[in-house]
Amino acid sequence: MVPGDRRPGDPALPEELQAAMTEWAAVASTVGANGGPAEQSLVRRRGRQLAGRLAEAVGRPVEFTDPVTGRTEEVWGRATGPLPRLAPRSPTPWATGLTISAFFALLTAIADIVLSRAFADAFGLLWIPANLLVVSGLAPSLWLLRRTPFWRWPALGAAAGLAVAWVCLLLGLLG
């Protein structure tokens, strides 16, 4: 990854990118042999980021040589590089989560049954398409919340509550 390694037809590099690459090269030459593992990892990561920016600026892949290991790799853009570190996972709070889910299931089931009964008293069997519309409107939101740490519990409860409400409402039609 050398700014001077340019091909005919490459666009001019922004001054900010040239300055960042020059600064990185100075730091990399110092840290490469003398730095600890944390510093070497930081220099390697920053070098890949700059290589990605350079690849995007010139519109083609560039070669990045790791200053620590000397390994060369082809970088296509900013997406190339280490994945962001995720926070360590904490244990799943099952007792609290299922309690929250049960509360939201009960709340959602009661609300859906009461509103559907009121709609049925006013408009007859039109409660069925109206309730289908409500469920189909909520389904994408509940699906997207299934992996969000806290909101997965209310989403699970709301989905279960809607299912229980449908069973109760359909059994109510039979009897």
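Every read-out reported here was derived from the displayed coordinates using simple, explicitly stated rules and does not represent laboratory data. In this text the structure is predicted, and so the values were computed from the model without any measurement. Because the Cβ atoms are built from the backbone with ideal geometry, glycine has one as well, and the counts that use them run over all protein chains shown.
Mind checking which residues of region 152-175 are under 21 Å from the mean Cα position of the chain (by Cα) and either surrounded by fewer than 16 Cβ atoms within 10 Å (Cβ to Cβ) or of a type in the set (G, A, S) (or both)? Steps first, answer last, please.
Residues of region 152-175 that are under 21 Å from the mean Cα position of the chain (by Cα), as a first pass: 152-156.
Result: A155, single match.
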Go through the residues of region 60-68 one by one and say whether even a single one is in contact (Cβ under 8 Å) with a residue 60 or more places away in the chain and crowded, with 17+ Cβ neighbours inside 10 Å.
yes
